[in-house]
Structure formats: C-alpha cells, structure tokens
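Here's the structure, in structure tokens; my notes come after.
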Amino acid sequence: MKYFFTLFALSFAFASFSQVDSTIWENTETITTETYEFKVPTVWRNQGEMLTKGRGPEQFFEASGKGLPVTYNNGPVIVSVFLVKLNETNLKDAKKGIIKGYFENPDRVFKKKKDYEEESITLSDKNEAVLLNTRFYRKSKGLNQFRYDLVTFSDEYDTAYMFTVSIQFSDDTYNFEEEYFLKEYAKQLYETFKWK
C-alpha cells in the first residue's frame, strides 16, 4: 500500500509540473467573424476591446498563468495570443514574409542563424496551413521567447492571417519548450481555427 501511494504521489507531482494543464480547454468560447472562427479557453483574457480598428492585431488574448506556470526559473512566464491580417496574397508569400520578419527585429538575439522550424498542417476545414516556430532572446525584456505562428490563406476570401502564440520566460537552455509541451499548447488553439 505504501508503495502504491508513493507511485501515485510521484506520478501526480510529475503530471503537475511537467505537463500543460489541458483542463483549460474544457470551457471555451467561440470567436467568430464573417470570414473565420476559432475557440479559446474562457479563462484567457480577451483584450480585443483595447485594440484600435485598422491597427495592430484583429484579435488579442492575454493567457499568462492559464495552462502554463506563472513563473519559471524565478522569472515570469508571459503568454500572448494574437491574430494579424497579412498583406500577402498567397500562403507561400505569407510564410516567407513571417520568416523574414523573425530576423529583422534588432531586439531579438538568436543562438543559431536563421533559427526556425516549419510544419505543414491541414486545418479542420481542410485548408492547408503552415506552422512556423522560432526561439530567441529579447534584449528589451530580458526574457527568452518562443513564437508559434500559424500561417493560413483563404482563396475564397483572398486573405492571409498569422495566428501567433508568444511565450516569454527565463531559460536560455530552452528546456521550457519540451518540459511544458509548448508546441502542443499552441496546436490546441490552431486545431480550432477554420475559415467560414
């Protein structure tokens, strides 16, 4: 019995500190426009009312402490989610523009030159999309950052979007990504996005 309790306690501790809290997806709200829709956990803070029409992202959520730890290595974990309409008129050019933008910001310090990964995915509505991710150090914030960008284009609406999950934290080894399954965290959101 003592052995069983020890195993249970260890497995609970491991689950508590090594995994994303997926229960945040048990209660969601649907964000819908004339062209797209997606779901977000209701615990995320919708900052859309702070946006100025025509400038900045169309959608913006602050999700710090919601599914990921509040702190890591004695520093804050800052989670932002935003959706931005792009000027490009096809998926290939939209992807190229985002990758180029990664390396143009002088505030970002990369461990490796041109450090990013790319994965083709299919949205729930069967449209093709690309998932890009990169990692860098933000000099102005003093934090490391992971960015996950879903790049999608609709022929019907002749429109491209970048849907970003940005996670800032204190860890120059970047072990935080694997320890907390950050790509899976982002993918839970992206799996809900579809063109209407």
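The values are calculated or read from the model by the stated rules, or taken from the named source; none is laboratory data. Since we're looking at a predicted model, the values are computed, not measured. Note: ideal-geometry Cβ built from the backbone for every residue, glycine included; neighbour counts use all protein chains shown.
Can you tell me which residue is modelled with the lowest pLDDT among those in the range 20-51 that are among the aromatic types (Phe, Trp, Tyr) and within 29 Å of Glu179 (Cβ to Cβ)?
Taking the candidates together, the pick is Trp25.
If Thr134 meets every condition in (1) within 24 Å of Thr192 (Cα to Cα); (2) in contact (Cβ under 8 Å) with a residue 12 or more places away in the chain; (3) more than 16 Å from the chain's Cα centre (by Cα) apart from one, which number is that one?
So the condition that Thr134 fails would be (3).
Residues of the range 174-189 being assigned to a loop (DSSP other than H, G, I, E, B) and either at pLDDT 95 or above or within 12 Å of the chain's Cα centre (by Cα) (or both), which ones? Please lay out each step first, then the result.
Here is the first cut: in the range 174-189, the residues assigned to a loop (DSSP other than H, G, I, E, B) are 174, 180-181.
The answer is Phe181, and nothing else.
Would you pick out the residues in the range 92-105 that are surrounded by fewer than 19 Cβ atoms within 10 Å (Cβ to Cβ) and more than 16 Å from the chain's Cα centre (by Cα)?
Lys92, Asp93, Lys96, Gly97, Lys100, Gly101, Phe103, Glu104, Asn105
So is Tyr157 of a type outside the set (D, E, K, R) and more than 19 Å from Phe176 (Cα to Cα) or not?
Working: of a type outside the set (D, E, K, R): yes; more than 19 Å from Phe176 (Cα to Cα): yes.
Yes, satisfied.
Take Gly75 and decide whether it is within 22 Å of Trp44 (Cα to Cα) and surrounded by fewer than 17 Cβ atoms within 10 Å (Cβ to Cβ). So that I can check it myself, show each step before the final result.
Numbers: within 22 Å of Trp44 (Cα to Cα): yes; surrounded by fewer than 17 Cβ atoms within 10 Å (Cβ to Cβ): yes.
Yes.
Going by the structure shown, is Glu156 out of contact with any strand residue (DSSP E or B) (no Cβ under 8 Å at 6 or more places or on another chain) and either over 22 Å from Glu62 (Cα atoms) or not small (Gly, Ala, Ser) (or both)?
no
Step by step: first the residues of the range 63-72, then only those that are surrounded by fewer than 21 Cβ atoms within 10 Å (Cβ to Cβ) and not small (Gly, Ala, Ser), then the one that is farthest from Gly142 (Cα to Cα). Which residue is that? Outline the logic, then answer.
First, pick out the residues of the range 63-72 that are surrounded by fewer than 21 Cβ atoms within 10 Å (Cβ to Cβ): 64-67, 69-72.
When the remaining residues are screened for being not small (Gly, Ala, Ser), the result is 66, 69-72.
Values: Lys66: 22, Pro69: 18, Val70: 17, Thr71: 14, Tyr72: 14 Å.
Looking at the filtered set, the residue picked out is Lys66.
Looking only at the range 147-160, which residues are over 17 Å from Lys95 (Cα atoms) and either assigned to a strand (DSSP E or B) or in contact (Cβ under 8 Å) with a residue 40 or more places away in the chain (or both)?
Hit for the range 147-160 is Tyr157, nothing else.
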